[in-house]
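What follows is a short report on a single structure.
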Amino acid sequence: MRRLLLSALIFGFAPLTAQAQHEDLISRIDDRYDQTAEIARKLWEWAEVGYQEEQSSRLLMDTLAARNFKVTKGVAGIPTAFVAEYGKGGPVIAILAEYDALPGINQDASPVRKSVDGKHAAHACGHNLFGAGSVQAAIAVAEWLDASETPGRIRLYGTPAEEGGSGKVYMVRDGLFDDVDIALHWHADDENSAAARTSLANRSAKFRFSGVSAHAAGAPEKARSALDGVEAFNMMVNMMREHVPQDSRIHYVITAGGNAPNVVPDFAEVFYYVRHPQPSGVDAIWARIEDAARGAALGTGTTVDWEVIHGNNPLLINEPLAEMMDEKLRLVGGVQYTKEERKFAEAIRQSLNDTKFEIGDQEKIQPYGSYLGYGSTDVGDVSWATPTAGVRVATWVPGTSSHSWQSAAASGMSIGFKGTQVAAKTLALAAVELFSNEQLRNEALAAFEEARGPNYEYKPLLGDREPPLDYRK
């Protein structure tokens, strides 16, 4: 197929049909499976958390630079963020790439619970796959632009710290998407779907209580416990759960609570997330959260302050793009397991409580539709800056939840790598369609402008703060 394409370019033969070009595109991605798997595995082994993805971002940048992409690193004030572009003229189609790991999860690429000595994070959300697959899709599209002599630019955005760091929000806020015509993304999952899926808006903050330390037995009357402030705060918020809208979500972890029972802690910290389908809903709940913090401090004789860490707007659905992405996903198809992979999957299934899914479901494409997803993502802010569409691919064993040891295990072996190939092919086909189909681009823009509404003004839910480069330290 490639020889036919080369002959057509050199000797002036009739260009390949769209079907033949699609087959060539898929073939190129298949031929680079080993490279994709190697990149995904390296990112998986490094498991670098948000804003600390130095090796991971460097590997992706080097891979793109070797393919003659123009790479700009350190954008939006973030050392591990970058933009890589190939082509000239025409529309700008963006592909997003993530590569941060989750702290507090440790798992080998094993179908049973098995930690890796010395690791303190893992790719339990599959961002190692996200980064590797998006890079390969961008390279395949760049090759297609050359071969077809199509004007246009494919732009890969290296976006760090999706997990609670909102890396993309700072890139949006700095205007890095202002000239993008369409943005594409994907995510690891336990099923294949290109449904019109939205998400929850969210905001997080670290609430820090300060008190007075003293001997807990010898002089308790002289102390004011910062941990009491945290616990009183948590109790009030937990009572609040009965009185918030049904689709809201509130969760927290105590990140500092003292070091010894006989020393009254003079410092304690709790890290909160608040989610709601609408940004206004987050704002309303957040005001009550702040009041609860003040009340807890007053009641325990402590003081409190807080630092907003991140905030994401909900995904803005674009139906024309979502329908196109669904079509491309169905053209590519799902994930086929080998005998060894099926054995791995069956062992994983024994550890799962979800019986709604079966091994074999990873081969299917889920029905198209519109629905609310209860997670949050900084892709949401991108979707309010430019028309955006995404796809979710079965890189994990059916029934697996994200942020679990089971998802981390599959993300480090061939089940995850095969799903990454499906994502790369789907993104590449979607990008080619968008470069070739001006009518679709116009329909997507019209739907985007209608969904945002007149007089839209972008408001980042994290405010005007600088990137929290040390939030995982």
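Any read-out appearing in this document is the output of simple, stated calculations on the displayed coordinates, not a laboratory observation. Computed from a predicted model, the values in this text were never measured in an experiment. Note that each Cβ is placed from the backbone with ideal geometry, even for glycine, and that neighbours are counted across all protein chains shown.
Annotations for the structure displayed:
- Since only His22, Asn106, Ala268 are under comparison, the one whose Cα sits farthest along the positive direction of the charge dipole of the chain, derived from C-beta charges on Lys, Arg, Asp and Glu, is Asn106.
- Note on the chain: with charges restricted to the Cβ of Lys and Arg (+1) and Asp and Glu (-1), its dipole about the Cα centre is near 640 debye.
- Cα centroid of the stretch 233-293 to Cα centroid of the stretch 167-198, whole Å: 28
- Taking amide hydrogens as placed 1.01 Å from N in the peptide plane, the amide H of Ala183 sits under 5 Å from those of Ala94, Thr388, Ala389, each at least 5 positions away in sequence or on another chain.
- Euclidean distance between Cα centres, the stretch 113-155 to the stretch 29-49, Å: 8
- Loop sites in the stretch 375-473: GluC sites (Glu not before Pro), DSSP, at most 14 other Cβ within 10 Å: Glu457
- Rg/Rh, computed from the Cα trace of the stretch 201-311 with Rh as the Kirkwood radius, has the value 1.04.
- Dipole of the chain, positive direction: furthest Cα of Val212, Pro91, Phe435, with charges on the beta-carbon: Val212
- Debye-sum result for the stretch 262-341 in log10 I(q)/I(0), which assumes one identical scatterer on each alpha carbon, at q = 0.11, 0.18 Å⁻¹: -0.61, -0.91
- For the stretch 27-104, the set of chymotrypsin sites (Phe, Trp or Tyr not before Pro) satisfying both a DSSP loop assignment and a count of at most 14 other C-beta atoms within 10 Å is empty.
- Mean projected area in nm² (Cα convex hull; one quarter of hull surface) for the stretch 12-131: 10.3
- Within-10-Å neighbourhood charge of Val116 [Cβ basis; K, R +1; D, E -1]: -1
- Partners of Lys473 within straight-line reach, counting aspartates and glutamates whose Cα lies under 13 Å from its Cα and excluding those fewer than 8 residues away in the same chain: Glu48, Glu53.
- Partner lysines for Lys70 [C-alpha distance under 22 Å; skip if fewer than 8 residues away on the same chain]: Lys88, Lys168
- Proximal lysines to Lys364, defined as alpha-carbon separation beneath 20 angstrom and excluding residues fewer than eight positions away on the same chain: Lys328, Lys339, Lys343, Lys356, Lys418, Lys425
- Divided by 2.2 N^0.38 Å, where N counts the residues, the Cα radius of gyration of the stretch 51-206 comes to 1.11.
- Working note: Karplus 6.51/-1.76/1.60 with θ = phi - 60° gives the stretch 414-420 the couplings 5, 4, x, 5, 5, x, 4 Hz, where Gly and Pro are set to x.
- Taking Cα centre as origin and charging only the Cβ of basic (Lys, Arg, +1) and acidic (Asp, Glu, -1) residues, the dipole magnitude of the stretch 201-311 rounds to 120 debye.
- Distant-in-sequence amide H partners of Gln107 (H built 1.01 Å from N, under 5 Å): Val116
- Applying a DSSP loop filter and a limit of 15 other Cβ atoms within 10 Å to the chymotrypsin sites (Phe, Trp or Tyr not before Pro) in the stretch 338-396 leaves Tyr374.
- Relative contact order computed over the chain (Cα-Cα under 8 Å; 6+ residues apart), in percent: 23
- Backbone HN-Hα couplings from phi across the stretch 297-306 [Karplus 6.51/-1.76/1.60, Hz, Gly and Pro as x]: 5, 4, x, 10, x, 10, 10, 9, 9, 8
- Normalised contact order of the stretch 123-185, rounded percent, pairs of Cα under 8 Å and 6 or more residues apart: 22
- For the stretch 451-465, 3J(HN,Hα) per residue [Karplus equation, 6.51 cos²θ - 1.76 cosθ + 1.60, θ = phi - 60°, Hz, x = Gly/Pro]: 5, 6, x, x, 6, 5, 10, 5, 10, x, 6, 9, x, 9, 5
- Length-normalised contact order for the stretch 201-311 - Cα pairs under 8 Å, 6+ apart - percent: 45
- Per-q log10 I(q)/I(0), the chain, q = 0.06, 0.10, 0.13 Å⁻¹ (Debye; single scatterer per alpha-carbon; no solvent): -0.29, -0.75, -1.20
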